[in-house]
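The values are calculated or read from the model by the stated rules, or taken from the named source; none is laboratory data. If you're wondering where the values come from, they're calculated on a predicted model, not measured in any experiment. Don't worry about glycine lacking a Cβ; one is built from the backbone with ideal geometry, like all the others, and counts go over all protein chains shown.
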Amino acid sequence: DGVLTPGKVTEIKGIGNKSFYLRDQELWVSDSEENLVLVYDKETMKIKFQIITPFFDPQAIVFYEDKPYVLYGGEVHETSYGQKCWQEQKPFFHQLKYALHEGEGYNYTLSNAFLVEFTYEEHLEKVDLKYPELKIKIALPVNNIRQQVVHVESAGLKGQIKDGFLEVNLKNLREDSIGFVGYRADVVLSSVKYTFDKDYNQSVFPVESYHVEIDEIDLDQPKLIDMAAVSGSGMLQNMLEIRNKVFDKLTYRFNNSARNYVELLEDGYGTCGDYATIILMLAMINKYPVRTCGGYKVPRFVNSQQDLRSCYYNHTWLEIYLPDTGWVPIESSSDDKAFNNRLCEGQFLGLDWSHIQTHNDKSVPNLISAHDGKEDVHPFDLFRNVTFMKIKGEISDLETLVFDAKG
């Protein structure tokens, strides 16, 4: 009936293979690279809302008994070490569960929540008698817009859970008591994706009103100042422009030679912490309220269900503060994919369920800190970190979950 005319097809966002499902006055579009379902108004072709898919490679979308189901091709292509791409398993269908929340000038969807048992351990490499009064403090997973801590308990050497941290006193630790400190937590993880109207209030929250760790970062560098220049079309669009500039400059690969971030940009490669820090610096030059977040990534694959798995890498991403919305996530490196001069936006102003958030800003001291009563001790000199997880199951009804709406 003329819904998908050539002109309208060019208006559809995304860089991957697409499928279309016309449902009443809505056009549902899946994108295999964005890992996203976009819902358009059939007449205006305006995006009504967006849903992040729980798994990679969505190839088609259908409705069965008035519920959306996504066909996944089974291929995994994720920006990480070595640009991994592999076949997960044969194609499969999975129900796309989502809850739509409306705000003034914006909305967000939560989709496909999973209950994950997350274990964090710091193993003592040795007992250093120089620190007889040693105490260690470890941040616990947080509650936010897409993450809910159901239960947490100390593991290993006994500690006290207080104000979002696990505190362990290692006073007079002996050689024969070497062990580990840590916790086990049951966490509900959901994907979140925001959609903003063009007239949404993008007034900048005063940068002095929040805290960002930028120690040892020099923002007064001509190369960074030039790179931070934006078109002035609004804070969110400018943040996308900044992110895209960094994506154009960097490829995801470990860099152990650059001595500063200008050199890293010249080298043209770095990992998640490098991406996030450079985007943070460019945002700070523009006085935008942005902060880094850290944690770990759960293997986001169907065949990891019910198995005990290592969290295969720690991870860093960003959040931007909007006065009417709170902290909104921005995946700052995993979306570094492009096709025909378009960059992926699947997790710009969104985040998939695989992210376990444990802290904001620097990992030391915000994730882990150690003190011997006289001075700070670098925890990495004494401990070796081990993390693993188990996906215990998918939550059947997202409407029953209560998340922290302000993040």
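For this structure, a couple of remarks:
- Complete set of residues in the range 314-353 that are of a type in the set (G, A, S), under 10 Å from the mean Cα position of the chain (by Cα) and either assigned by TED's automatic domain parsing to the domain that holds N144 or within 19 Å of S111 (Cβ to Cβ) (or both): S334, G350
- Count - residues of the range 336-357 that are surrounded by 24 or more Cβ atoms within 10 Å (Cβ to Cβ) and either in contact with a Gly (Cβ under 7 Å, 6 or more places away or on another chain) or without any contact (Cβ under 8 Å) to a residue 12 or more places away in the chain (or both): 3
- For K249, the test of being over 30 Å from Y120 (Cα atoms) and modelled with pLDDT of 90 or more is passed.
- Of the candidates L110, L100, L96, the single residue that is modelled with pLDDT of 95 or more and either hydroxyl-bearing (S, T, Y) or closer than 30 Å to D274 by Cα (or both) is L110.
- Residue, nearest to the chain's Cα centre (by Cα), within the range 41-57, restricted to residues that are crowded, with 22+ Cβ neighbours inside 10 Å and modelled with pLDDT of 95 or more: I52
- Close pairs (6 angstrom Cβ cut-off, 6 or more residues apart or separate chains): touching a residue at least 12 places away in the same chain (Cβ under 8 Å) in the range 281-301, aromatic (F, W, Y) anywhere: P289/F205; P289/Y210; P289/Y321; C293/W317
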